[in-house]
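Written out below as structure tokens is the structure these notes cover.
The values are calculated or read from the model by the stated rules, or taken from the named source; none is laboratory data. In this text, all values refer to a predicted model and were calculated from it rather than measured experimentally. Positions of Cβ are backbone-derived with ideal geometry, glycine not excepted, and every protein chain shown enters the neighbour counts.
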Amino acid sequence: MTATADASQGAVPVLQIRGAELHRPHGGGELWSGLDLDVHPGEFIAVLGPSGSGKTTLLRSILGLQELSAGEIRVAGAPLRQAQGPDRGARDPAFRQAQGPTRGNPRIGYIPQQRPYPPDTAMRARDVIALGLQGRRFGFPVPHRGDHARVDEMLAEVGATHYGNRRVGALSGGEQQRLRVGQALMDHPALLLCDEPLSNLDLANQQGVTEIIDRQRRKHGAAVLFVTHDINPILGRVDRILYIAGGRFMLGTPDEVLQTRVLTDLYGAPVFVLRAGDRLIVVGVPDVEPHHDHEGAA
């Protein structure tokens with residue numbers, strides 16, 4: 001466990017989940033049940049599992065966008081409240097995509113998967129970052145005193161100062177994703193939810209985005225819940241892994257979870273964990289959705 005997470009073990013968990021149960025919509029059956037999880041300040045937890053296992057749905061429940069079928073979620077010791085979307089977002093798709101899914105709990109930051117903005121998106125890079133502050137305010141976003149300096153500071157933190165005034169639609173996928181990370185970090189959240197934030201990024205940008213998240217975690221003690229299909233880019237930073245598969249789950253350190261025996265038992269089918277240098281490869285993962293990749297799930 002990292003020094004930051006270890007030093008915070010006596011603190012109230014940032015996230016507490018008790019007896020959580022989730023069903024698929026429209027009577028589609030149970031995703032999983034009986035999930036208990038405490039996430040402590042500064043802790044980095046990777047959430048792994050095949051497509052369709054309920055990883056993103058778990059994040060949506062923590063954000064207040066989807067109710068649990070049973071159980072309870074508490075953030076910073078307080079019961080979760082349902083999120084409400086921004087007024088302007090219903091009218092402006094580009095704003096909605098930039099602002100994120102919710103302005104619910106200000107203790108929670110959210111980084112979505114990398115999805116390109118339309119090329120004609122007129123917002124500047126700094127406007128996307130600013131929504132981390134202004135997007136939580138009701139009505140049309142109005143800058144407050146000090147916002148400009150905070151945006152400049154975050155642009156520097158994520159390495160985006162040199163393109164801060166460029167239109168976001170003209171930026172590369174990696175540049176856009178750095179802005180999403182900066183937006184999520186503007187309020188220094190106690191809990192950072194990351195929904196496959198490295199997808200569709202090249203190796204250099206994967207490393208850059210991961211470093212920004214980890215640096216902010218260590219600086220401010222935020223807990224990180226990081227959904228991913230590939231553990232390798234973040235393996236050296238992870239304290240624990242929550243692995244969800246087939247309606248079951250396993251929680252432990254990477255050495256405890258990423259074992260052939262453990263994953264074979266979890267899936268109920270032969271699964272092999274291979275080590276190639278400093279990378280792990282999971283082979284033989286059964287399909288849950290038709291287009292799930294059999295290899296490299298972890």
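Looking at the range 184-192, is at least one residue small (Gly, Ala, Ser), within 12 Å of the chain's Cα centre (by Cα) and surrounded by fewer than 20 Cβ atoms within 10 Å (Cβ to Cβ)?
No, the range 184-192 contains no residue that is small (Gly, Ala, Ser), within 12 Å of the chain's Cα centre (by Cα) and surrounded by fewer than 20 Cβ atoms within 10 Å (Cβ to Cβ).
Got a sec? Which of Leu31, Leu37 is among the aliphatic types (A, V, I, L, M), at pLDDT below 90 and either over 19 Å from Pro197 (Cβ atoms) or surrounded by fewer than 20 Cβ atoms within 10 Å (Cβ to Cβ) (or both)?
On the way: Leu37 fails: at pLDDT below 90.
None of the other options fit; the residue is Leu31.
The rows are residues; the columns are (1) assigned by TED's automatic domain parsing to the domain that holds Gly132; (2) touching a residue at least 12 places away in the same chain (Cβ under 8 Å); (3) closer than 23 Å to Gly64 by Cα.
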| site | (1), (2), (3) |
| --- | --- |
| Arg178 | yes, yes, no |
| Gly208 | no, yes, no |
| Arg217 | no, yes, yes |
| Val224 | no, yes, yes |
- [ ] Go through the range 209-237 and count every residue that is closer than 10 Å to Gly42 by Cα and surrounded by fewer than 20 Cβ atoms within 10 Å (Cβ to Cβ).
- [x] 5
Open item on the list: Just to be sure before I move on: is Asp265 without any contact (Cβ under 8 Å) to a residue 60 or more places away in the chain, over 21 Å from Arg279 (Cα atoms) and assigned to a helix (DSSP H, G or I) in the structure I sent?
Closed with: yes
Open item on the list: So for the range 197-204 (the condition being assigned to a helix (DSSP H, G or I) and not assigned by TED's automatic domain parsing to the domain that holds Leu131), does at least one residue qualify?
Closed with: yes
Task: When residues of the range 109-130 are limited to those that are in a loop (DSSP other than H, G, I, E, B) and aliphatic (A, V, I, L, M), the one modelled with the lowest pLDDT - done: Ala122
Open item on the list: So Arg180 passes all but one of these: (1) at pLDDT 55 or above; (2) out of contact with any strand residue (DSSP E or B) (no Cβ under 6 Å at 6 or more places or on another chain). Which condition number does it fail?
Closed with: (2)
- [ ] State whether one or more residues within the range 131-147 are modelled with pLDDT of 50 or more, at positive phi and assigned to a loop (DSSP other than H, G, I, E, B).
- [x] yes
